[in-house]
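The structure appears right after this line, and notes come after that.
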Amino acid sequence: MANFFPRWTNWLPLKVLVILFVLGNAVVAGVWYYFTPKYTRVGYQPVQPVPFSHEIHAGQLGMDCRYCHSFVEVSYHSNVPNTQVCMNCHSQIQKDNPKLEAVRESWKTGQPVTWIQLHKTPDYAYYNHSVHVNRGVSCVSCHGQVNHMAVVYHDQPLSMSWCLDCHRHPENALRPREDVYNLDWKPSDVNAKAFVAKYGKPPGEEDRDFSKDDVKLTQQEIGLTLKHAWYVNPPENCAGCHR
Amino acid sequence: MKRIFQHPSEPQGGKKYWRSLEELASTPGFAAALEREFPQGAAEFNGGEVSRRHFMKIMGASTALAGIGLTGCRRPEMHLVPFTHSAEWSIPGKFLFYTSSRPTPRGYVPLIVSTYEGRPTKIEGNPYHPINEGHGGTDIYTQASVLNMYDPDRARAFRQKGSISDESTFEKALDGLIAAYAGTQGDGLAIMMEENASPTRERLRAAVTAKLPKARWCIYEPLAGGSTGAAEFIGFGQGVKARPQLDKADVVLTLDCDFLGSDGNIEMIRGFTKKRRVDAPGEKMNRLYSVENRYTITGGMADHRLRIPASQVGAFALQLAEQIATATGDATLSGVGQTLGKANGTVNFPAGWAEELAKDLVANKGRAVVLVGSQQPVAVHLLGMAINAALGAFGTTLTGIATVSAPASSIGDLTKDINNKAVTTLIILGCNPVYDAPVDLDWRTAQSNVPNVIRVGLHEDETAELSSWNVPRAHYLEYWGDGRSADGTYVAVQPMILPLYGGWSDNDILAKLAGLQKPVGPELVQDTFRQIAGGAATDFDAAWNKFLHDGYLDGSATATERTLFFMSAAAGSAIGEQMNLTALKEGSYEIVFTPDFHTYDGRYNNNGWLQEVPDPVTKLTWDNAALISPATAKALGVQNYEAAGDTIEITVGKSGISLPILIAPGHADHSISVSLGYGRWKTGRVGTGAGENVYPLRTTTAPYFLVADKVTPTGDRGTLAITQHHFSMEGRAFVREGTLDTFAENPSFAKVMGLDEELPKAGNPSLYTHPPLTALEQWGMTIDLNTCTGCNACVVACQAENNSPIVGKEQVINGREMHWMRLDRYFASTDVSTDDSDPDPEMLFEPLLCQQCEFAPCETVCPVNATVHTPDGLNSMAYNRCIGTRYCANNCPYKVRRFNFFDYNQRPITPVTEGIGPLKITASGLHFGPLTEKSSPDTIKMQKNPNVTVRMRGVMEKCTFCVQRIEEARIATKVKAGASDKIKIPVDSFQSACQQACPNEAIAFGDITEPESKVSKMRGSPRGYRLLEYLNTSPRVVYLAKLRNPNPKMPGAEKLAAFEREDKKGGASPMTNGEGDASGGPK
């Protein structure tokens, strides 16, 4: 009896299997790499119980971050304001605005407003706000330009490697302390002459002349100068953040 | 093949240090235990009564039926919930500290309490209080008291005759009561209270008495020294209490007085160790003589110790009194001796002991003191006072303070009144007499005969069962109060939180009885403060705020003038009547009732931290046992086994109890010590089923010791969870000691013990590369073995600070306890040749925690870099990286790493029943893992330190040098530095938890690169040595060798802390000396 199948078909099942295996893996890897975000929380924008607009308060009205987040300079947490803080103004301004109903309700009943938590580090990571803002890291480095957000969203990944990027190169984030809460600050805003007079010249640029008005500093130059002047050495070991 | 490192054998000098009798006898079981990383069974699944297969079968079915949901895949929505109104001082994320104090029967302990977002989380001593002089020490009970507050089994409801009622109904009932008794002037009303030095409580009591003058008052404490108070009443008259000033004493004799443990207070402990601090060779140190029946931690500190049955301490005191009377010519003392002289001679004590002791005491006249234990009868106390008077102790080493409480009747008197139907309403504030009253009173029946019993209690316990009203009691962290500390200083009690279950304090009840309103704030205490502060409080608000801020009122210590000893005729006859001078007959056994290390008198029975902290001497957890000497064990034909002991039955009159024995080296023969406070039949989830109740043997006439009618082995065995073998390190000269003379002659004696002399002078190189130690601060610790008393406060403090879970008795038996710190207890013998046991060994303690090795063996074996070195010299542990291989624990020569074999923090350690339909399993909740409910009660979570990760199953953990406190200090420094470069943490600006808790300042922690830091100064001591130096681990912890101060004329003085270098004896160097295989190095 003649062979039904030619000889080359002997290896066919194996070849099919190998090709399927390679293709399958390529699809999985491809989807994994190209279709999933680096960090799933970025862009998270929950609806809050009170439609509070940072854009109006911090942007248009120019309120300082610390009016509401009052303990950011002393504590681990940058606290969410309590109802009393809202009512400081809103007992007089926009008294009947329906958007503020939840706040007035809270003030009347003593039951707190339950805000939805947006930014979150894992329980085993002990992030401290006070040490960052006091050493020249602005809110904007982690939270983005909140003063332009009508509804706040998660701007940066807040992942461990993202933290470490900055801890290894703090010069990319450091700025003069007085501009920490100025979310629109740009390195070019800095008056080079005054800056150099206060903090010294950027390392490696001792010979450069900063006395002219048109000299602009880069973030790198500002950061390195401050890092040097303040002896900024963020921890890169486990115990710095995990206990 | 696994290479087994054979440690070179320990050079056998004059002395052998051992931890258990098995080790001393080198039993095969002990040798096998040494080889293991964890005790046998620690790493295996032991389902107890459930087999693995059975378990899998039922639980598999259960999971299949329950179905598998994918609800876990959604991101949980978390909330931020701010206050509506700002709370004063409160900053989310920051600790807030308040001063307060803890009531104890021996005075108030001044404290600083950390609160976090309104919850108290940790308790420390108040360093500003006069008795603390800059370092606030605490004890284990104080450290663990925060857990008492969060006890999930606390009484939660007002109950009338068992059914739930409410506060307003109770208040009405109380008002009705006051109206009803107004007519009889309070006759028929009785109030039973605990011993408590609170001026406000006393003031309210006076107010109640003014209204209801015929009300009966009873102050009842099962253990806190009725005889001490009675003797002080005879000796000093009304209103004065003795206050030993041990910081002025060069020679201290304790007659059965465990003043470093249950019989003392922080002031005595600190005073004693202050005189024991020796920095440079040639300095002086105090000398402690101890006479006791069982090893206590005081006995362990003693330079000379005499073990005699507790009933013969009086006879010894009399013998000593005669010697002292002769030497000093003190008329009062010799008078006492003459009336009792004839009885002497029936008891024999070691020749020369009393004679030499008397000489030493007399030679130090005015600088010596005799302390008598609260277990001893009034007569011995009076004799002790007479001796103290003859030694000129009064006014120098022994002063007095005013007592706070007015006299009250005893529980015996109250029982008589009840039995005479004279009491119709009984209010019990806290005490638990149904459980712990002397058995001859038959309190149970008596209380049942009182028509109306109102019980205010922390728990619904034995007494609550027989009461008509049960009222939840406020914990001391929940109410406003005040008190007197050990030196009589007026201290504040501040509430840290509102009463969790609406509890009432004693003051609340008494205020109502006095016709006042139940206070809502500090108003009652403020009234007392006004009286006490007097003219100083012209600006009341400022004075009051300063009082709360400091925690005490400056200069308020009560007068110490009335210290004269009146040797009245009554005192003389009391001595004569009560003195027991007969020796124990052969074959008869004395039973000694002792306070329990874990539960005290039973009140801390439901506190898991206290249940699990090993007894310093026996290393027993979760149980009580009958402690007997090796010779007595032989005579009774009983022995100990791995985690078990033969059970004996003790019969006294009609009562009998049986409990397992525990052979305790250094125990007096013919004496059996049993601790009270176990075998509670109505308690919470932790205390249920633990231990045996010993109170049925205890009577009013013999409250502390008696001769048993019969002691017989029952043939059964009882399990005992003992930790003494756990994490053993093969006796390699870990604990080093010498005498004061050795130190003077050869200051660096500790550096040449063990193998330390053989180390290369240039230092060993490491075969691995290590990260550079570049940080500005380098952390290190020094532990002075000379001032460590072994009290275990550090262990409990560490547990409280670092969120260590308790694991339960079964898990402790398997060697899975989670304490990061342990106190190794060593016995030391010079002569063990005869029968492998030494009746009179010395006892030493050594706290052991992660040594933070610079060349850490654990780091090199971790496959996932979960344990790595930081630039400031910490061996850090990243829990979320750990995959649980346990290689690190295996490679740790100090055995300080602990593994979470189960989810101790989230799963119940108590038995749980799970299953479907008829298929049910009952086993420890730990074994069910995720198949049972998460059961950590919310209140327990509230205690946790928010800055320390709560570890889960499968994760290794160990001491971190309190890295959260280091980082907190570093952050605070950087925040303060702001736009400047001043980022070096100020010297000694913070403490580790163990250091802060230690009342003796035996632990110093800090920056070793800073010459001015405490730790650097201590490290420089010539007594310093490091553990297992020859392994080249380069530990960051330095131990300072212990010193003894023996009296060379005392019998047995030459054996004490005998130090002799091997090479001085003419032998070869220890490296080459030894039997065959001890050539050293890996094989």
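With the requirement that a residue be more than 13 Å from chain B (Cβ to nearest Cβ), part of a helix (DSSP H, G or I) and among the hydrophobic types (A, V, I, L, M, F, W, C), what does the range A:48-99 give you?
Passing the criteria: A:Ile56, A:Ala58, A:Cys65, A:Cys89.
I need a count of the residues in the range B:970-1023 that are within 14 Å of another protein chain (Cβ to nearest Cβ) and either farther than 22 Å from A:His228 by Cα or basic (Lys, Arg) (or both).
So the answer is 7.
Report yes if B:Asp596 is surrounded by fewer than 24 Cβ atoms within 10 Å (Cβ to Cβ) and not assigned by TED's automatic domain parsing to the domain that holds B:Thr910, otherwise no.
no
Would you confirm, using the coordinates I've provided, whether B:Ala631 is within 21 Å of B:Tyr826 (Cα to Cα) and modelled with pLDDT under 90?
yes
Within the range B:126-137, can one find any residue that is over 30 Å from B:Asn265 (Cα atoms), buried (at least 18 other Cβ atoms within 10 Å of the Cβ), in contact (Cβ under 8 Å) with a residue 12 or more places away in the chain and touching a helix residue (DSSP H, G or I) at 6+ places or on another chain (Cβ under 9 Å)?
No: zero hits.
Among the residues of the range B:777-807, which ones are part of a loop (DSSP other than H, G, I, E, B) and touching a His at 6+ places or on another chain (Cβ under 7 Å)?
Answer for the range B:777-807, where residues must be part of a loop (DSSP other than H, G, I, E, B) and touching a His at 6+ places or on another chain (Cβ under 7 Å): just B:Ser804.
Can you say whether B:Thr922 is surrounded by fewer than 19 Cβ atoms within 10 Å (Cβ to Cβ), away from chain A (no Cβ under 14 Å), in a strand (DSSP E or B) and out of contact with any Asp or Glu (no Cβ under 8 Å at 6 or more places or on another chain), as far as the supplied structure shows?
no
If we scan the range B:648-662, do we find a residue that is buried (at least 20 other Cβ atoms within 10 Å of the Cβ) and under 20 Å from the mean Cα position of the chain (by Cα)?
yes
Quick one: how many residues across the range B:389-410 are among the aliphatic types (A, V, I, L, M), assigned to a loop (DSSP other than H, G, I, E, B) and surrounded by 17 or more Cβ atoms within 10 Å (Cβ to Cβ)?
4
Out of the residues in the range B:83-113 that are buried (at least 16 other Cβ atoms within 10 Å of the Cβ) and at positive phi, which is farthest from the other protein chains (Cβ to nearest Cβ)?
B:Gly107
Output the number of the condition that A:Leu14 fails; it satisfies all remaining conditions of (1) aliphatic (A, V, I, L, M); (2) without any contact (Cβ under 8 Å) to a residue 40 or more places away in the chain; (3) assigned to a loop (DSSP other than H, G, I, E, B).
Unmet condition: (3).
Kindly evaluate A:His119 against the criterion of being more than 7 Å from every other protein chain (Cβ to nearest Cβ), under 22 Å from B:Asn947 (Cα atoms) and part of a helix (DSSP H, G or I).
no
Could you grab me the full set of residues in the range B:438-458 that are part of a loop (DSSP other than H, G, I, E, B) and touching a Gly at 6+ places or on another chain (Cβ under 9 Å)?
Hits for the range B:438-458 are B:Pro438, B:Leu458.
Of the conditions (1) part of a strand (DSSP E or B); (2) among the hydrophobic types (A, V, I, L, M, F, W, C); (3) in contact with a helix residue (DSSP H, G or I) (Cβ under 9 Å, 6 or more places away or on another chain), B:Val423 clears all except one; give me its number.
Going through (1) part of a strand (DSSP E or B); (2) among the hydrophobic types (A, V, I, L, M, F, W, C); (3) in contact with a helix residue (DSSP H, G or I) (Cβ under 9 Å, 6 or more places away or on another chain) one by one, B:Val423 breaks only (1).
Identify all residues within the range A:201-243 that are among the aromatic types (Phe, Trp, Tyr) and more than 9 Å from chain B (Cβ to nearest Cβ); write none if there are none.
A:Phe210
Considering each residue of the range B:57-111, count those that are assigned to a loop (DSSP other than H, G, I, E, B) and either at pLDDT 60 or above or under 30 Å from B:Val404 (Cα atoms) (or both), and give that number.
23
Among (1) more than 25 Å from the chain's Cα centre (by Cα); (2) more than 9 Å from chain A (Cβ to nearest Cβ); (3) surrounded by fewer than 19 Cβ atoms within 10 Å (Cβ to Cβ); (4) aliphatic (A, V, I, L, M), there is one condition B:Met956 misses while meeting the rest; what is its number?
(3)
Scanning for something surrounded by 10 or more Cβ atoms within 10 Å (Cβ to Cβ) and under 19 Å from A:Leu118 (Cβ atoms), does the range A:13-33 turn up at least one residue?
no
Of the residues that make up the range A:36-45, is at least one in contact with a Lys or Arg (Cβ under 9 Å, 6 or more places away or on another chain), under 30 Å from A:Ala102 (Cα atoms) and of a type in the set (D, E, K, R)?
yes
Which residues, counting only those in the range B:659-701, are under 24 Å from B:Asp461 (Cβ atoms), outside any loop (DSSP other than H, G, I, E, B) and among the small types (Gly, Ala, Ser)?
B:Ser675, the sole residue that qualifies.
Can you name the residue in the range A:202-243 that is of a type in the set (Val, Ile, Thr) and over 30 Å from B:Ala969 (Cβ atoms) and is also surrounded by the most Cβ atoms within 10 Å (Cβ to Cβ) among such residues?
In this case the residue turns out to be A:Val215.
Taking into account only those residues within the range B:820-873 that are aromatic (Phe, Trp, Tyr) and farther than 18 Å from B:Tyr887 by Cα, which is modelled with the highest pLDDT?
Result: B:Phe845.
Which ones in the range B:873-887 are within 14 Å of another protein chain (Cβ to nearest Cβ) and not polar (S, T, N, Q)?
Within the range B:873-887, B:Gly873, B:Leu874, B:Met877, B:Ala878, B:Tyr879, B:Arg881, B:Cys882 qualify.
Just one of the numbered conditions (1) part of a loop (DSSP other than H, G, I, E, B); (2) surrounded by fewer than 17 Cβ atoms within 10 Å (Cβ to Cβ); (3) more than 18 Å from the chain's Cα centre (by Cα) is not true of A:Gly43; which one?
Only one criterion in (1) part of a loop (DSSP other than H, G, I, E, B); (2) surrounded by fewer than 17 Cβ atoms within 10 Å (Cβ to Cβ); (3) more than 18 Å from the chain's Cα centre (by Cα) is unmet by A:Gly43, namely (3).
Could you tell me which of the residues B:Thr774, B:Thr742 is assigned to a loop (DSSP other than H, G, I, E, B), under 26 Å from B:Ser1021 (Cα atoms) and hydroxyl-bearing (Ser, Thr, Tyr)?
B:Thr774
The values are calculated or read from the model by the stated rules, or taken from the named source; none is laboratory data. All values reported here derive from a predicted model rather than from experimental measurement. Neighbour counts are summed over all protein chains in view; Cβ atoms, including those assigned to glycine, are modelled from backbone coordinates with ideal geometry.
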